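As structure tokens, the structure follows; a few thoughts come after it.
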Amino acid sequence: MFVFTVRVEVEKAHAEQWYDYMTSKHIKDVLETDCFAKAELEKIISDNEETSHFASRYYFASMDTYNRYLKEFAPQLRTEHNELFGDKVKAERTVSEIKEYRLI
């Protein structure tokens, strides 16, 4: 199992709009690509008064599936996101392999 994580920093003035977009549209659109098994969105607790921080996690089974997402779907989804939020959001993307999985 692998996880694609997108950590974002959002200007506080736009955080609620960004959160609404993510929970009502973007995450749903990503899952509808059928490249990911599930998704999570977490709000990171921070003392920063100017920005809010979040992490989106998308779980997938193989790197081939992830590469298909990058090629076929990511460009359009990123363009839509950038048109709405532009430089109001900073993103960092990582991919990790989960080596051990257990229910807590």
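The values are calculated or read from the model by the stated rules, or taken from the named source; none is laboratory data. As the structure is a prediction and not an experimental result, all values here were calculated from the model. A quick note on method: Cβ atoms are made from the backbone with ideal geometry, for glycine too, and the neighbour counts reach across all protein chains shown.
Numbers for the structure displayed
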item	result
Test: residue in the stretch 45-55 that is within 17 Å of VAL10 (Cα to Cα), in contact with a Lys or Arg (Cβ under 8 Å, 6 or more places away or on another chain) and β-branched (Val, Ile, Thr)	yes
Of all residues in the stretch 21-74 being of a type in the set (Ser, Thr, Tyr), part of a strand (DSSP E or B) and closer than 20 Å to GLY86 by Cα, the one that is modelled with the lowest pLDDT	THR51
Residue pairs meeting the criteria (Cβ under 6 Å; at least 6 apart or on separate chains; first touching a residue at least 40 places away in the same chain (Cβ under 8 Å) and closer than 18 Å to THR94 by Cβ, in the stretch 48-72; second charged (D, E, K, R) and surrounded by 13 or more Cβ atoms within 10 Å (Cβ to Cβ))	HIS53/GLU9; ALA55/ARG7
Unmet criterion (only one of (1) exposed (fewer than 15 other Cβ atoms within 10 Å of the Cβ); (2) out of contact with any strand residue (DSSP E or B) (no Cβ under 6 Å at 6 or more places or on another chain)) for HIS26	(1)
Failed condition for GLU92, given (1) surrounded by 11 or more Cβ atoms within 10 Å (Cβ to Cβ); (2) within 16 Å of the chain's Cα centre (by Cα)	(1)
